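Please treat every number below as a calculation from the coordinates, not as lab data. Note that the coordinates shown come from a computational prediction; the quantities given were computed from them, not determined experimentally. All Cβ positions, even for glycine, are placed from backbone atoms using ideal geometry, and neighbour counts span all protein chains on display.
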Amino acid sequence: MPEPQPPCTLLGILDDGWAGLTDAAREHLGAADVVIGAGRTLALVRPHLRDGVTVHDMGGALGKVPGWIEAARAQGLSSAVLATGDPLCHGIAAFLMGKLGRDAVTIVPAPSTLQLAFARLKRPWQDYRIASCHSADAGEWDAWAPGATPAHGLYPLVRAVAEHPRIAAFTSPANGPDRIARALLAAGYDTDIRLSVAACLAQADEALFADLSLAAAAAQRFPDPNVVLIERSGTEHSGQERRALFGFEDADYIQRQPEKGLITKLEARAVSLAKLGLQRDSMVWDIGAGSGSVGLEASRLASRGHVWAIEKNPDDAANARTNARRLKATNYTLLEGKAPAGLDTWPDPDAVFIGGSGGELAQLITLVLDRLKPDGRLVMNFVTFENLATATATLAAAGAPWEVTQLQASRSQPILDMHRLAAQNPIWIVTARKPQENA
């Protein structure tokens, strides 16, 4: 029976180096035949390593680490990997266990740098959401116009801020607190957010920067390494934050005046959003966005998904961008152009809303049915017989199941000292599903 291979010990360490290690951690490190770590971390412990130890610097070579460990284990050698703080909290542990298996790794954590930051800033941390932008240079948030996509390195952090009033974030030299502050400013946040930065923790030059405004943090460079706490205040009393998920009044949206803008009225918007069958992580297309009302409310319902919108009229597109900023819709990306141009760059959708087709209705329906994910839904609004006939004929030819809802709503209006009902234009709401391949 072959001898079991020795496990790799994943050791958490802070910038106070050897002095901050527990006796158990020192024992693991002292017994290691192979030690792996970033150059800065290795320098903290190198004087305490025994003679003959093989040392690997993993700076810029993370992909080689599993191979170094497997080679050591194959030779019956013990290995130790140095990681900052708690390797299980946005650290290297998940990566190594994914490559080597859980049984190949023993984990000896140190306190997380976030835990130290909370202690230094005297913040109870049980209500904070932990996030990270400790990755490659993400670029400035406003490099995407008019909305960053999920591919942006800061996207998960900005979306976390949208969903949680308190965030604790790991940073990187490129994606530091100043860039985070500029991203939040670009996303529409301002005085409602304060940033606190803890830098060079457990070092002689440790520094704290508490309760900075976004403007102040955006204009300042901070020592590395650092972590940041993002705190959004006033959520209990802010009218902006207490908005309903959907169903805003038509007048809440900036639109072309008088009555020339393209906006789906509240009643039709509510039914159309219901017909889309959105889930929290839905990927949504909004074709013919107009002032953005349907897509922006969809972005609130699909808060962990994303909405891609397109609008060909420059004035309406400008209004949609303004409305997106007012709603802090950071999971909404608007393309100014005429569909179907540009749709080939979007990911396959779970749901598609067509509010305007620019004369390309049949082509758009065919394209959408091809791109929809299984069980995806297509919802369209029409006010003319001709477009309704084109839509239903195209759907029937494609073998897509469909249904039509005719919606007629009236709103009360004052007349003298009384009220009457004023009818809105009737609208047809067409709902279709992707054809089943075996149908």
Check your understanding: Rg and Dmax of the range 70-166, Cα atoms, in Å?
Key -> 17.7, 56
Review point. What is the helix-to-structure angle for 361-371, meaning the angle in degrees between its Cα long axis and the longest Cα principal axis of the chain, kept from 0 to 90 and rounded to the nearest 10?
Key: 30 degrees
Revision key, fill the gap. One can check that the equivalent ellipsoid of the range 74-126, built from the alpha-carbon gyration tensor with semi-axes equal to the square roots of five times its eigenvalues, has lengths in Å, largest first, of 29, 11, 7
Study note, to complete from the structure: Over all viewing directions the Cα convex hull of the chain casts an average projected area in nm² of 28.5 nm²
Review point. At a Förster distance of 22 Å, what's the computed FRET efficiency of residue 53 paired with residue 224, Cβ-Cβ distance as r, to 0.05?
Key: 0.20
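Could you work out the equivalent-ellipsoid semi-axes for the range 16-70, taking the square root of 5 times each eigenvalue of the Cα gyration tensor, largest first, in whole Å? Provide the component values of the computation, followed by the final result.
Numbers: eigenvalues 74, 34, 20 Å².
Calculated on Cα positions only, the semi-axes equal 19, 13, 10 Å.
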Check your understanding: Is it possible to state the helix-based mean residue ellipticity at 222 nm for the chain, with each DSSP H run of 4+ residues giving -39500 (n - 2.57), the sum divided by total residues, to the nearest 500 deg cm²/dmol? What is it?
Key -> -8000 deg cm²/dmol
Check your understanding: What's the angle, to the nearest 10 degrees (0 to 90), between helix 177-186's Cα axis and the longest principal axis of the chain?
Key -> 0 degrees
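Over the range 47-201, what is the mean sequence separation of C-alpha contacts under 8 Å (at least six apart), divided by residue count, expressed as relative contact order in percent? Please list the in-between numbers first.
Working: 130 pairs, mean separation 28.5, N = 155.
Once divided by the residue count of the range 47-201, the mean separation gives 18 percent.
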Check your understanding: With axes computed from alpha carbons, what is the tilt in degrees of helix 65-74 against the longest principal axis of the chain, rounded to the nearest 10 within 0 to 90?
Key -> 40 degrees
Review point. So, how do all the Cα-to-Cα distances of the range 250-433 break down into 10 Å bins, in percent, from 0 on up?
Key: 10, 38, 37, 12, 3, 0
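Run through the DSSP bridge list for the chain and note the antiparallel percent, rounded to the nearest 5. Mind showing how you got there, number by number?
Details: 35 of 74 bridges.
Of the beta bridges lying entirely in the chain, close to 45 percent run antiparallel.
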**Study point:** Intensity falloff of the range 115-232 expressed as log10 I(q)/I(0), Debye formula with alpha-carbon point scatterers, at q = 0.11, 0.17, 0.19, 0.22 Å⁻¹
**Key:** -0.31, -0.76, -0.97, -1.32
Point to revise | Distance violations [Cα-Cα > 25 Å] among 265/373; 328/434; 122/328; 265/312 | key: 265/373; 328/434; 122/328
Practice item. Return the FRET efficiency for the residue pair residue 211, residue 43: r is the Cβ-Cβ distance, R0 is 30 Å, and the value is rounded to the nearest 0.05. Key: 0.35
Study note, to complete from the structure: Most fluctuating of 14, 229, 77 in the GNM of the chain (C-alpha, under 10 Å) is 77
Revision key, fill the gap. At R0 = 25 Å the Cβ-Cβ FRET efficiency linking residue 279 and residue 363, nearest 0.05, sits at 0.35
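So what is the orientation-averaged projected area of the range 8-111, using the convex hull of its C-alpha atoms, in nm²?
Numbers: hull surface 23.6 nm².
Projected area, direction-averaged: 5.9 nm².
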